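Notes follow once the structure below has been shown.
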Amino acid sequence: MCGIVGYTGNRPCQEILLAGLERLEYRGYDSAGISLIANGGVDSVRAVGSPSKQLRAAMNGEPSIAVSGIGHTRWATHGRVTEENCHPHDDNSGRVHVVMNGIVENWTDLKQRLQARGATFSSQTDTEVVAHLIASFYDGDLVEAVRLAYNELRGHYAFVAMHADEPETLVGARHECPLVTGVGDGESFIASAIPAFLGDTRRIQLVEDGEIVAVTPEGARFLDSSGAAVEREVREVDWDVETAEKGGYDTFMLKEIHEQADAVAETVADRLAHGTVELGDIGIADDHLSGLRRVVIVACGTSYHAGLIGRYAIESWSRIPVEMDVASEFRYRDPVIDERDLVIGITQSGETADTLAAMRLARKKGAKVLAITNIMGSQATRDSDGVLFTRAGLEIGVAATKTFVAQVAAMYLFALKLAAVRDTLEREHFERLVSELRGLSHKVGELVESVDVPVRAMAKHWREAGFFLYLGRHAGLAVALEGALKLKEIAYVPTDAYAAGEMKHGPIALLDERTPVVCVATDSPVLDKVLSNISETRARGAHVLAVATEGNTEVAEHAEEVVYVPSTDWMFQPLLAVIPLQLLAYYIASEKGLNVDQPRNLAKTVTVE
Ligand code: M6R
């Protein structure tokens with residue numbers, strides 16, 4: 001959560017920082033601000049609201065000539081959403097300014113200590129404490145002051161500080177929250193994420209955990225927390241600036257829904273050569289995989305739903321028992337885990353605090369941990385023994401779509417890999433699955449186009465419904481859960497998602513003639529059971545909107561409205577079935593005039609527990 005950006009170089013940077021913040025808006029948009037060093041002092045502008053609207057509006061004066069500065073877009077953790085709590089924060093003298101992402105856990109102790117020495121505070125944030133702490137150590141060397149302050153902080157955070165006396169230097173520090181620098185010509189960038197400066201450079205250096213980085217127009221200098229120099233290679237990323245723009249679509253979410261065929265194709269393409277699964281070096285040996293006692297999947301939100309689908313594939317194809325847990329529960333339940341287990345942490349951002357904590361706990365208990373993530377160099381890649389990357393490209397819409405289908409594809413790949421090393425599938429079955437998975441991205445592409453019009457009409461009709469029930473069985477349950485989450489998070493419509501067979505044990509009491517019931521009724525060995533459940537809902541007068549497999553005429557006899565997805569192996573149907581449900585949520589939210597890319601109270605990456 002929260003996005004930070006800094007620039008030091010040879011160009012006026014007000015607009016550079018603002019544009020960078022706009023590209024980081026997906027990380028939080030409660031408030032925003034920038035501080036610029038000019039004429040021996042620091043000027044700040046801060047506003048409640050987003051960088052692109054309220055902050056831009058607040059900058060209506062003469063553009064600044066400053067060539068270095070820092071900026072922030074906030075998702076509030078400490079302190080309400082008010083102007084006093086907007087970043088950047090300073091030390092009251094106005095010389096030290098800081099922007100931060102994350103949480104300092106010992107901030108109240110530090111605050112009391114600083115207050116006892118005369119510091120006065122004007123916000124309720126932990127970040128202001130960091131600014132005062134740096135100021136208390138400052139003796140003409142910002143890098144050293146940051147290093148000393150860093151060694152006193154507990155929690156998980158990344159921050160960037162600047163001092164009016166050292167106008168060309170920005171100093172960043174990282175502890176379990178992301179920070180990356182951008183290398184330009186006579187100019188340098190620092191940010192929470194690469195898109196912030198993607199329009200200016202694609203050459204980056206990753207700041208590692210426990211490091212401090214001093215950024216000047218000439219480049220970045222890395223130190224560890226003892227002050228020793230650290231070498232860091234410059235890498236080139238292959239994302240382009242269009243990735244961070246809407247490319248003709250009304251919203252990022254719609255663009256990303258339309259990019260799902262590519263996300264699946266990129267994720268599976270070269271890993272399914274020659275009729276087998278080649279995952280490359282995922283950091284966990286085949287011998288280890290073949291001897292596993294159990295797989296445990298931990299994740300949050302949409303990533304958890306991808307894990308649920310993966311669970312069915314792993315159990316069915318490789319016959320390894322799979323346990324699932326949401327990461328925030330797993331980490332506090334003292335799970336029984338040891339070196340015979342493999343724990344898979346699924347997190348598109350690679351930054352979700354609960355998922356990372358669950359992964360670390362599993363490693364501590366001796367299990368090997370595999371991360372499935374979309375972000376190179378993210379924390380998840382460091383807190384794991386191996387990594388399987390999804391290749392969905394950058395996702396900006398807060399509601400996950402293309403990263404979800406890429407995660408599901410990655411889970412299918414991994415399940416096939418387990419089946420291969422354990423030799424649990426008949427050759428012919430295995431090859432058929434590989435071939436279907438290879439062809440899945442084409443079906444995704446066709447589906448996104450074909451389903452748009454009917455789902456939009458459905459959304460128009462049901463836009464005023466006050467409640468939706470989602471039902472599914474087997475892996476279709478994960479699709480129901482994901483469809484319901486999408487509708488909640490972007491359209492603010494109350495939903496419940498239930499195992500269809502469980503409905504009569506409670507939720508059926510909610511049904512009446514006004515209730516739309518969304519049923520995942522794609523082909524599977526449990527389709528007959530789903531059809532019986534559909535009949536039960538209709539007997540209570542509810543209106544059934546079903547997702548079915550092309551060519552299946554039976555579902556239409558049971559449901560009022562049906563949207564069809566292409567036929568494939570039944571285990572792959574969930575990856576297709578979710579697409580109409582993403583679009584249903586999208587168009588209901590659009591009908592309501594809501595901001596789908598930035599739903600209220602949410603942020604794209606949840607770096608707090
Ligand atoms: O980055 P992660 O995959 O770890 O994120 C997990 C959840 O926060 C995320 O999936 C969230 O539920 C999305 N807003 C869903 O659209």
- Under 18 Å Cα to Cα from residue 368, which lysines show up? Leave out anything in the same chain fewer than 8 places away. 417
- Item | Whole-angstrom gap from region 385-426 to region 314-378, using each part's C-alpha centre | 14 Å
- Query: Among 85-98, 23-36, 441-454, how do they line up from the highest to the lowest mean number of other beta-carbon atoms within 10 Å?
  - Reply: 23-36, 85-98, 441-454
- Message: In region 3-245, if the dipole is taken from +1 on Lys/Arg beta carbons and -1 on Asp/Glu beta carbons about the Cα centre, which of 167, 133, 115 is farthest to the positive end?
- Response: 115
- Extension gain residue 83-residue 600, at 0.36 nm per residue separation less the Cα-Cα distance, in nm? 184.3 nm
- Positive end of the charge dipole of the chain (Lys, Arg +1 and Asp, Glu -1 on Cβ, about the Cα centre): tell me which of 78, 225, 260 has its Cα farthest that way. 78
- Query: Can you work out ³J(HN,Hα) from phi for every residue in region 557-567, in order, using Karplus 6.51 cos²θ - 1.76 cosθ + 1.60 and θ = phi - 60°, giving whole Hz and x for Gly and Pro?
  - Reply: 6, 9, 10, 6, 10, 9, 10, 10, 10, x, 7
- Dipole of the chain, positive direction: furthest Cα of 521, 362, 34, with charges on the beta-carbon: 521
- Would you pull out the residues with amide H under 5 Å of residue 350's amide H, same chain only if 5 or more places away, H placed 1.01 Å from N? 374
- Task: Please find the FRET efficiency linking residue 426 to residue 464, where r is the Cβ-Cβ separation and R0 is fixed at 45 Å, and quote it to the nearest 0.05.
- Result: 0.35
- Task: Take the alpha carbon atoms of region 98-157, find their center, do the same for region 461-512, and report the distance between the two centers in whole angstrom.
- Result: 46 Å
- Note on the structure: Cross-link reach from residue 460 to lysines, straight Cα distance under 19 Å and at least 8 residues apart if same chain, gives 486, 488, 592
- Query: At 222 nm, what helix-only mean residue ellipticity would the chain give, in deg cm²/dmol to the nearest 500, using -39500 (n - 2.57) for each DSSP H run of four or more?
  - Reply: -11000 deg cm²/dmol
- Query: About its Cα centre, how strong a charge dipole does the chain have in debye, to the nearest 20, once Lys and Arg get +1 and Asp and Glu get -1 at the Cβ?
  - Reply: 1120 debye
- Query: How far is the Cα center of region 1-70 from the Cα center of region 283-306, in Å?
  - Reply: 42 Å
- Note on the structure: Any helix of the chain counts here only if DSSP assigns it H throughout, its Cα atoms span 20 Å or more along the axis, and its mean Kyte-Doolittle hydropathy is at least 0.5, and such helices are 402-422, 475-491, 573-591
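Bear in mind that the values in this text are calculations on the coordinates, not laboratory data. Source: prediction; values computed, not measured. We place every Cβ from the backbone using ideal geometry, glycine too, and count neighbours over all the protein chains shown.
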